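Values in this text are rule-based calculations from the coordinates and carry no lab data. A quick note: this is a predicted structure, and the numbers were derived from the prediction, not measured. Cβ placement follows ideal geometry from the backbone for every residue including glycine, while neighbour counts extend to all protein chains displayed.
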Number of protein chains: 4
Amino acid sequence: MSQIYVGCELEYVTASPTSFLFQVNAAQTNRQCTINENLSVSPGITLTTLDIGLHGNKAQRCFVQPGSFCLYYEATVQLSPEVDFANELSERHFNELPSCVLPYLNPSRYCESDLLGNFALKQFGPSPQGLVRVRSICDWVFNNLIYVSGATDSQTTARDVFVQRQGVCRDYAHLSIAICRALGIPARYVCGYAVNLQPADFHGFFEAYLGEDWYLFDATRMAIAGGLVRIATGQDAADVPFATYLGSALLKSKKVWANLPQGAPAIVSQPAQAATSTA
Amino acid sequence: MSQIYVGCELEYVTASPTSFLFQVNAAQTNRQCTINENLSVSPGITLTTLDIGLHGNKAQRCFVQPGSFCLYYEATVQLSPEVDFANELSERHFNELPSCVLPYLNPSRYCESDLLGNFALKQFGPSPQGLVRVRSICDWVFNNLIYVSGATDSQTTARDVFVQRQGVCRDYAHLSIAICRALGIPARYVCGYAVNLQPADFHGFFEAYLGEDWYLFDATRMAIAGGLVRIATGQDAADVPFATYLGSALLKSKKVWANLPQGAPAIVSQPAQAATSTA
Amino acid sequence: MSQIYVGCELEYVTASPTSFLFQVNAAQTNRQCTINENLSVSPGITLTTLDIGLHGNKAQRCFVQPGSFCLYYEATVQLSPEVDFANELSERHFNELPSCVLPYLNPSRYCESDLLGNFALKQFGPSPQGLVRVRSICDWVFNNLIYVSGATDSQTTARDVFVQRQGVCRDYAHLSIAICRALGIPARYVCGYAVNLQPADFHGFFEAYLGEDWYLFDATRMAIAGGLVRIATGQDAADVPFATYLGSALLKSKKVWANLPQGAPAIVSQPAQAATSTA
Amino acid sequence: MSQIYVGCELEYVTASPTSFLFQVNAAQTNRQCTINENLSVSPGITLTTLDIGLHGNKAQRCFVQPGSFCLYYEATVQLSPEVDFANELSERHFNELPSCVLPYLNPSRYCESDLLGNFALKQFGPSPQGLVRVRSICDWVFNNLIYVSGATDSQTTARDVFVQRQGVCRDYAHLSIAICRALGIPARYVCGYAVNLQPADFHGFFEAYLGEDWYLFDATRMAIAGGLVRIATGQDAADVPFATYLGSALLKSKKVWANLPQGAPAIVSQPAQAATSTA
């Protein structure tokens, strides 16, 4: 059980009336509990909370008049990570997967799992199945990609990342997801906050469905184990932008943080591994 | 109110134990009612009905031993198409869209709406909004694509179709959907049966969200108005294959049909237009 | 007959011994004559002049020790543009094209002419052939692309530009070339200097083969007519980078200029049109 | 020194007057000598021989009236393969490459070497350079691709092949070329005839520049060593189609053969390796 203090501050200048949809709040799950949450906007306008999609995401919608606009969010999040799961977490056969996870086998905008079947089978087919296999996927992605800020953009997909072997956290997650799906392992994208991320920013990681639950993985190895806080879940990053808007907006500054409480014992960063689960 | 007799017969040979997921049943909606439905498999094995995804789809799952396998489906479907909607069906502003339709603004595997923004705005920005605009998108797609069987495959996306200007029904739908989303109009893929389709096959068309409901469109103009029967709904074709399997299967034959009852008055094919709505 | 003063200054820092290949010298053609040319490097090392490829290009090769490295080039170029060609410049039938221009019908790295056939035929098939048609291609490209610095990069191809409808000069040229080739008009890429370019930089434009010669076009309309100075010619930009290197080099600054002599009469910018020809 | 009997028969039906360009004749090089060559067309029309491009290719051009058209080619080709080259064939440094081979470092339509740099360096960077490295590239391509007829088409590029890990001979060649270029090894595409190819067809392979010459490689391992007969050379397959036409033509049948003379000693197929060289 650990507590993490997370938050962000987003400053915009809008040139015309603009509709915003924000996904920045820490999610409420059976393993993640938000306490002392505060979301405020300046100038003070109405925020409407929406439930979006099949992933249980929440979003905040608002309509902003031209001028300066600032959103501030902070929360303390209590995590109950699953700590005692063993390597024997197994993959479920296609015939036994619960129907609610089946959509996460489909290819999506940034995860063209349909194209990577031959590679995935050759590279990871011989591996022991289950948690061991997902970990070996994360290791392969970590070892074969170069983390390069600015080398990719919002159009970059798993295919591109696989070819060019470089990217940032969302690219690592997309490629990992695509490989999992190509092997018949349901996988989905998670955006969130991550303790110790350098430079501080929103983080992208992923979940794979093993045994009877979803388990978190981070192929970048950038966040500390037990330091991932979920905001929202999707097929891929297309589903969970931290902000969507219609109108004319310029993001002037973005600050994101995720810290352990002062005095907390240091948590040593560890190789990519399943860390927390959610119902 | 019209009745349509639909069905399909799929014959496989499987070389190993194979899990199948079929999406061939006509959907039950407030505008589409299935009567006299019959789904059978040979040899006789257990079919499990699953609810899949956020689209309200049903699927049939089964586990097949090696050998010949045949699925037979037939049903009479009663449609209550919305016939009196007027051209003034409007687009809803981003700020007013119900949250359940927001995911259908996101780009997806086959509909890279994020890439087509400049084109969509230049070509359809000046158009009157609402039903008129979606119809003009359908007209543009119809007039600028060449229907060529075999020119595209399961990897072909809206981007490819836009460049190469050819494809089949699913390509027409994907491009139409991508343009709608690029303009802020929620749009989604529908697979189904279509009366008078030549050659007979499953059909792909799409829905756009206008006013307060989803409306069907078919940019191919191949099906008769009022002759579209929904099987399933998805972000794009990736969500609604008529069959998915894990194992070793060969599709030996596929027959698909959709007919008006004998003695029914002839229905004249019409330009692409909104035809039926669903809740 | 006009004179243009062109040049560039490129400053590098190299961290290891580095081989460079520069293409910055104004070409010598029957319509372009270089006078008072000066190419110098600091520190003073040997430059070897190479003839490259089938395009008649010259390049300078050198081997640079770690440290600072600067290349300075300036020249006065005398142009003898073809001024009296008429609209009746015709396209040559495939069967009559000289063999030396046939390679310029092939698709290349950045000009996938093989993908744009349907579009090209529908859009420009009905046009009168010859100069009129190439001009209408330039007009279409100018009118349908948005000039956006930074929206594209060195991987962007004509296909991407066609989809996203934005780019910079090289993207305008690539799309124009791809359309020409798709119609059976040999076309090739030209990099060079351009008078009045804002901001000053190397420029990319193209040539189409009409009548019995190559004619220059610039779909961006950014350079003044008669103000294009050729450096090198290629299938596309892949053939004519201003600098290629093997080693570790950082381009610290780049200055490029192309000016009319002081006191020269002002030249008014004109719509895209054939401007000069080369043997 | 070996003799190979090669040839092809191409039958077309043309619906309108059609211009053809054929590249089917065995090339004349310092290691490949054509004897008893016969090229005939029916009906008997004029064939014009053209020199095309920078690769020394020959092509036959003709203009065909509507109806049936047949081209028949046969020749006996004498090869003088380089048999005694040793593993120490080295790579030439970028700074020492002859200018005529520099264009073969550039990316091209089907060989996006610019995208594969990270992969190539990680996978083949540690390898000994020279012949050993090119052989290890061929081995990797052979071991990581699945040969699947019909899985790829004329749009498939090295990038696609790298992702999907399947293709036919031209795909194997394109990927090998792209990797070579990414490592600074000039490489180019060769189409030709190949002894023992199953099924018989034109073949695609490639050349890498090592030491002071070009050396042939075939990553498919489908042809026997010493059994490759060059027709034409290009940046990639875009430069060397066996037939190009403008008009309306349907290829009704294609026969291609390459046989050792009767009574010749059996030649055992061998792993991919450099086989012959050309000036």
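Distance between the C-alpha centers of segment C:108-125 and segment D:119-154? Whole Å please. Measuring centre to centre over Cα atoms gives 31 Å.
Note on residue A:153 and residue D:148: their simple-model spin labels are 3.2 nm apart, each label 7 Å out from Cα toward Cβ. In chain D, excluding the sites themselves, the longest stretch lacking any of the GluC sites (Glu not before Pro) that are in a DSSP loop with at most 12 other Cβ atoms within 10 Å is D:89-211. For the pair residue A:262 and residue D:93, label points projected 7 Å from Cα toward Cβ lie 5.8 nm apart.
The helix-based estimate of mean residue ellipticity at 222 nm for the protein assembly as shown, built from -39,500 (n - 2.57) per DSSP H run of four or more residues and divided by its residue count, is -4500 deg cm²/dmol to the nearest 500. Dipole magnitude for segment D:94-239: about 260 debye, using +1 per Lys or Arg Cβ and -1 per Asp or Glu Cβ, origin at the Cα centre.
Relative to the dominant Cα principal axis of chain B, helix B:169-182 is inclined by about 40°. Each of C:46, D:48, D:157, A:18 was scored by other Cβ atoms within 10 Å of its Cβ. Listed from fewest to most, they are C:46, D:48, A:18, D:157.
Please compare each pair in A:252/B:122; C:254/D:122; D:58/D:254; B:122/C:254; C:255/D:122 to a cut-off of 25 Å on the Cα-Cα distance and tell me which ones are over it.
Correct reply: A:252/B:122; C:254/D:122; B:122/C:254; C:255/D:122.
Distances from residue B:125 to itself in the other copies, using label points 7 Å out along the Cα-Cβ axis, amount to 3.0, 4.4, 5.0 nm in increasing order.
Charge tally for residue C:253 (other residues, Cβ to Cβ under 12 Å; Lys, Arg +1; Asp, Glu -1): +1. Each Lys and Arg contributes +1 and each Asp and Glu -1, all at the Cβ; summed about the Cα centre of chain C, the dipole is approximately 380 debye.
Report the relative contact order of chain A, percent, no decimals, based on alpha-carbon pairs under 8 angstrom and at least 6 residues apart.
Over chain A, the number comes to 29 percent.
Over segment D:94-239, Cα pairs under 8 Å with separation of 6+ residues give a relative contact order of 27 percent. I'd like the chymotrypsin sites (Phe, Trp or Tyr not before Pro) in segment A:34-122 restricted to DSSP loop residues with at most 11 other Cβ atoms within 10 Å, sorted by number. Taking segment A:34-122 and a limit of 11 other Cβ atoms within 10 Å, no loop chymotrypsin sites (Phe, Trp or Tyr not before Pro) are found.
Between segment D:166-241 and segment C:1-61, the C-alpha centres lie 34 angstrom from each other. Dipole orientation for segment D:94-239: of the candidates D:147, D:157, D:168, D:147 has the Cα lying most toward the positive pole (charges on Cβ; Lys, Arg +1; Asp, Glu -1). With the label put 7 angstrom out from Cα along the Cα-to-Cβ vector, residue D:56 ends up 2.4, 6.9, 7.0 nm from the copy partners, going from closest to farthest.
Exposure proxy for C:33, B:169, C:138: other Cβ atoms within 10 Å of each Cβ, ordered fewest to most, give C:33, B:169, C:138.
Each residue of segment B:237-247 is assigned a 3J(HN,Hα), and the resulting list reads 4, 4, 8, 9, x, 5, 8, 10, 9, 10, x Hz, derived from the Karplus form 6.51 cos²θ - 1.76 cosθ + 1.60 (θ = phi - 60°), x at Gly and Pro.
Specify the angular offset, from 0 to 90 degrees and rounded to the nearest 10, of the alpha carbon long axis of helix C:131-144 from the longest principal axis of the alpha carbons in chain C. Taking Cα atoms only, the helix is inclined about 70 degrees. Name the residues whose placed amide hydrogens come within less than 5 Å of the amide hydrogen of residue A:236, ignoring near sequence neighbours (fewer than 5 apart) on the same chain. Excluding prolines and chain starts, which carry no amide H, the hits are A:189. Once the Cβ-Cβ distance of residue C:49 and residue D:72 is raised to the sixth power relative to R0 = 45 Å, the FRET efficiency obtained is 0.40. When the Gaussian network model of chain D links Cα atoms closer than 10 Å, the mean-square fluctuations of D:77, D:101, D:141 top out at D:101. For chain A, DSSP calls about 95 percent of its internal beta bridges antiparallel.
All alpha carbon pair distances within the protein assembly as shown were sorted into 20 Å bins beginning at 0; the resulting P(r) in whole percents reads 11, 37, 39, 13, 0. Closest approach to the axis carrying D onto B, counted by Cβ on chain D and given in whole Å with its residue, is D:153, 4.
So for segment D:94-239, taking the charge dipole from beta-carbon charges (+1 Lys/Arg, -1 Asp/Glu), which of D:199, D:119, D:182 sits furthest toward the positive end? With unit charges placed on the Cβ atoms, the residue in question is D:119. Placing a label point 7 Å from Cα along the Cα-to-Cβ direction at residue B:34 gives distances to the equivalent points in the other copies of 3.9, 6.4, 7.5 nm, listed shortest first.
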